[in-house]
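Read the figures in this text as sums done on the coordinates, not as results from a lab. Here the structure is a predicted model, which is why all the values come from computation and not from measurement. Cβ placement follows ideal geometry from the backbone for every residue including glycine, while neighbour counts extend to all protein chains displayed.
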Amino acid sequence: MNVLFTTAIPSPYQVELFDALAASGKVDITVLYSLLKHSSRSWDLPRLAHNYRVLSEISIEAAHDLMRGHKLVVFSGYDTRQLRQLIALRAKSGEPWAFWGERPGFLLPSWLGRCYRRAVVPELSSPTTPIWGIGSWAVDGYRREFGSRRKLLNIPYFSKLDDFLAIDRADAIAPPRRILFSGSLIKRKGVDLLVKAFLAIASEFPKLELHLIGDGPMREQLRAISAPVAGRVRFHGFKQWAELPTYYAMADVLCAPSRYDGWGLIIPEGLASGLLVVSTNRTGAALDLVDSDCGWVVQAGALDPLIEALRTAASTSGPERAARIARGRSIAAGQDITAGVERVLAAIQESHAHGTQEHGDLAPRGLGSA
């Protein structure tokens with residue numbers, strides 16, 4: 001089957017998945033990227049081992065012709081006029097398509113977001129269109145908006161975890177020494193709360209360090225906040241995708257304190273690396289992957305629960321730490337690219353069959369409860 005995916009830019013984890021799908025030989029894919037690079041992303045452009053086109057470099061007519069040659073189209077955004085045009089054209093054609101997205105409701109309140117989507121992309125309300133939610137939190141959000149009669153599939157992000165799983169943790173029984181954060185230094189990621197929480201427990205754990213990977217507008221503010229323990233807070237700056245396992249290998253605890261994160265690939269990366277993971281209840285991957293046997297999920301945006309979780313993590317040693325590492329790595333194995341290819345292939349088949357069946361059924365259908 002030939003399938004067209006649309007997405008914003010060639011982010012490394014998506015390229016890994018698309019390359020693996022193409023290499024599987026079980027599906028013929030083409031990816032329509034909106035842009036090859038965006039100023040908000042510092043990733044190097046990876047080598048693309050799959051067929052692709054760039055929407056900004058072709059006409060809408062050429063994109064429409066490309067789309068018509070595929071049995072299924074999977075849209076992962078509607079933020080540009082061109083994408084909304086393509087969605088409308090695909091819906092009008094009656095040919096199968098699906099939408100792949102994170103949980104709705106971040107940029108706008110749920111009721112306003114619902115009104116916005118129905119106004120700018122009304123085709124998304126069609127009960128014949130499957131929705132691939134990026135994690136169970138996203139699936140729940142789309143179910144709340146479109147009702148339980150929709151075809152909803154749980155298809156999160158996947159990436160290659162081999163280098164993380166290969167990190168040696170055989171002797172990781174001593175109390176943790178290094179807490180790691182990896183992400184943009186912005187308020188949404190909750191890194192300000194992490195620095196404050198570290199300050200709160202620093203005197204209890206004099207050997208504990210905080211390592212921050214990433215860059216962003218809060219960098220200088222975070223330096224100022226951490227000034228009392230400046231020698232124990234390390235700012236490493238932005239690191240490319242291939243560099244990350246080296247930093248994970250040097251850490252003991254991963255903290256992903258996001259106020260809101262639709263998925264959060266650092267969660268499976270941390271679990272695969274053998275790190276104790278502390279995250280929040282508004283981080284999609286934490287809700288799906290972190291249980292009480294491998295980490296801690298606390299209320300997003302709240303400082304005191306984060307302090308307590310980090311205190312507990314920093315105190316964990318011996319057999320308990322080893323058991324938590326083993327548990328986390330067993331969970332992370334299900335998020336590797338190999339498992340991801342099988343999940344996406346199954347979703348492709350199910351979405352195509354559903355779309356074909358539904359468009360062939362002329363009986364009227366409701367939207368379900370909103």
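Annotation: the residues V344, V298, sorted from fewest to most other C-beta atoms within 10 Å of their own C-beta, follow the order V298, V344.
Taking only the alpha carbons of the range 1-57, we obtain Rg and Dmax values of 11.1, 35 Å in that order.
Taking the chain as a Gaussian network of alpha-carbon nodes connected by springs under 10 Å, the highest mean-square fluctuation of the residues G274, G94, G190 belongs to G94.
Three principal axis extents of the range 259-298 based on alpha-carbon atoms, in descending order, are 24, 18, 14 Å. Answer rounded, prolate or oblate for the range 162-334, using the Cα gyration tensor with square roots of eigenvalues a ≥ b ≥ c: rounded when a/c is under 1.5, else prolate when a/b is larger than b/c, else oblate. Rounded is the answer for the range 162-334, as its axis ratio a/c remains below 1.5. In straight-distance terms, cross-link reach from K92 covers every one of the lysines whose alpha-carbon lies under 18 Å from its own, apart from those fewer than eight places away in the same chain; here that gives K71. The lysine pair count for the range 124-226, using Cα distances under 30 Å and pairs eight or more places apart or on different chains, is 7. Of the candidates Q335, Q221, Q299, which one comes out as most mobile in a Gaussian network treatment of the chain with C-alpha springs shorter than 10 Å? Of Q335, Q221, Q299, the most mobile in the Gaussian network model is Q221. Rounded to whole Å, give me the distance from the Cα center of the range 57-128 to that of the range 221-257. With the range 57-128 and the range 221-257 each reduced to a Cα centre, they are spaced 38 Å. Highest mean packing first, where packing is the average number of other Cβ atoms within 10 Å per residue, the peptides 166-174, 97-105 line up as 97-105, 166-174. Summarised as an ellipsoid, the chain has semi-axes of 39, 21, 20 Å, derived from the eigenvalues of the Cα gyration tensor scaled by 5 and square-rooted, with the largest first. What the pair-distance distribution of the range 106-250 shows, using all Cα-Cα distances binned every 5 Å from zero, is 2, 8, 13, 13, 13, 12, 12, 11, 9, 6, 3, 0 percent. When you count the other C-beta atoms within 10 angstrom of each residue and take the mean per peptide, 261-272, 21-32, 282-293 line up highest first as 261-272, 282-293, 21-32.
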